[in-house]
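Read through the structure below, which is laid out as structure tokens, and then see the notes.
The values are calculated or read from the model by the stated rules, or taken from the named source; none is laboratory data. Since we're looking at a predicted model, the values are computed, not measured. We place every Cβ from the backbone using ideal geometry, glycine too, and count neighbours over all the protein chains shown.
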Amino acid sequence: MSEIQFVYFDLGNILIAFDPKLASANLARITNVTEEKAWDALYASGLEDRYEHGELDGPEFAEQIRHALGVTQHVASDQVILDGISDMFTPIESMVEIVERTRRTVGRIGILSNTCEAHWDWIRRQSWGVSKLQFDVTVLSCRVGAMKPAAEIYASAADQADVPPASILFIDDKQENVDAARRHGWRAYRCLGGEEAGRTLENELNFD
């Protein structure tokens, strides 16, 4: 079995828990519409998906949201909207030690996540321990233009890791993303952040 030389962490439900209902509730409060209307504008419309695919940048996304909800920039500026839809995350702080042990054991680590710039920026601005973790490579769907489990995002991640595929370890909370990683020759496991992720990484990496 190949020695692991690089470990990729998913973001959602691995390092950070999240609740999309909070995002739509925040948007409803900001724009003075019902939560149902905010949910439809944000998720049912496909706008969030397009943003995470990189089809829209932040200002374009915010303008589309305002148009869908019938409000002006005076009511909800770009930054207010982007922060509002991002204020739905909770840190899984037990992952700080796990990530740091992984770095000490393997050397190089990265993020591989389906997310948008607003979410990533908001998380990195928080004072949480997980927000201060440093990664050698950050692969976000919005930057690649493809979302897991699409082949393109794994190809980009593999290029940036710059190690043989069999030397990459990946943990994610969705089985379809794990299966896709395995098709690319990676070692990959489905788990949740915290104790489960810790056990998985300890078993694979033989933490000291």
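Can you pull out the residues in the range 122-136 that are assigned to a loop (DSSP other than H, G, I, E, B) and either under 24 Å from ASP83 (Cα atoms) or not assigned by TED's automatic domain parsing to the domain that holds THR102 (or both)? Outline the logic, then answer.
Taking the range 122-136 as the starting set, the residues that turn out to be assigned to a loop (DSSP other than H, G, I, E, B) are 125-128, 133-136.
If the condition is that a residue be assigned to a loop (DSSP other than H, G, I, E, B) and either under 24 Å from ASP83 (Cα atoms) or not assigned by TED's automatic domain parsing to the domain that holds THR102 (or both), then ARG125, GLN126, SER127, TRP128, LEU133, GLN134, PHE135 are the ones that fit.
Report, by residue number, each residue of the range 40-58 that is in a helix (DSSP H, G or I) and within 20 Å of the chain's Cα centre (by Cα). Please lay out each step first, then the result.
Of all residues in the range 40-58, those in a helix (DSSP H, G or I) come to 40-44, 47-52, 58.
Within the range 40-58, LEU42, TYR43, ALA44, LEU47, GLU48, ASP49, ARG50, TYR51, GLU52, GLY58 qualify.
Condition check: under 30 Å from SER45 (Cα atoms), out of contact with any Leu (no Cβ under 7 Å at 6 or more places or on another chain) and not polar (S, T, N, Q). Does GLU97 satisfy that? Working first, answer last.
Values: under 30 Å from SER45 (Cα atoms): no; out of contact with any Leu (no Cβ under 7 Å at 6 or more places or on another chain): yes; not polar (S, T, N, Q): yes.
So GLU97 fails the test.
Among the residues of the range 1-32, write down those that are more than 23 Å from GLU196 (Cα to Cα), among the polar types (S, T, N, Q) and within 22 Å of the chain's Cα centre (by Cα).
Result: SER24, ASN26.
Please go through the range 65-79 and give me each residue that is touching a helix residue (DSSP H, G or I) at 6+ places or on another chain (Cβ under 6 Å) and surrounded by fewer than 19 Cβ atoms within 10 Å (Cβ to Cβ), ordered by number.
Going through the range 65-79, the residues touching a helix residue (DSSP H, G or I) at 6+ places or on another chain (Cβ under 6 Å) turn out to be 65, 68-69, 71, 76, 78.
Matches in the range 65-79: ALA68, VAL71, ASP78.
May I ask you to list the residues in the range 137-164 that are out of contact with any strand residue (DSSP E or B) (no Cβ under 9 Å at 6 or more places or on another chain) and in a helix (DSSP H, G or I)? Before you say what the answer is, go through the steps one by one.
Initially, the range 137-164 is screened for residues out of contact with any strand residue (DSSP E or B) (no Cβ under 9 Å at 6 or more places or on another chain), giving 142-147, 149-152, 155, 159, 164.
The answer is CYS142, ARG143, VAL144, ALA151, GLU152, ALA155, ASP159.
Failed condition for ARG104, given (1) in the same structural domain as ILE171 (by TED's automatic domain parsing); (2) surrounded by 14 or more Cβ atoms within 10 Å (Cβ to Cβ); (3) more than 26 Å from PRO149 (Cβ to Cβ), with all others met?
Every condition holds for ARG104 apart from (2).
Among the residues of the range 175-199, which ones are without any contact (Cβ under 8 Å) to a residue 40 or more places away in the chain, closer than 16 Å to LEU15 by Cα and either part of a loop (DSSP other than H, G, I, E, B) or under 17 Å from the mean Cα position of the chain (by Cα) (or both)?
TYR189, ARG190
Would you confirm whether or not the range 27-41 contains a residue that is under 30 Å from VAL137 (Cα atoms) and surrounded by 17 or more Cβ atoms within 10 Å (Cβ to Cβ)? If you could, list the steps in order and put the result at the bottom.
Filtering the range 27-41 down to residues under 30 Å from VAL137 (Cα atoms) leaves none.
No - not one qualifying residue is present in the range 27-41.
Name the single residue that is farthest from PRO149 (Cα to Cα) among those in the range 4-26 being surrounded by fewer than 22 Cβ atoms within 10 Å (Cβ to Cβ) and of a type in the set (D, E, K, R).
By that ranking, first place goes to LYS21.
Which of the residues spanning the range 119-151 are under 20 Å from VAL7 (Cα atoms), more than 13 Å from the chain's Cα centre (by Cα) and either modelled with pLDDT under 95 or of a type in the set (Phe, Trp, Tyr) (or both)?
Hit for the range 119-151 is PHE135, nothing else.
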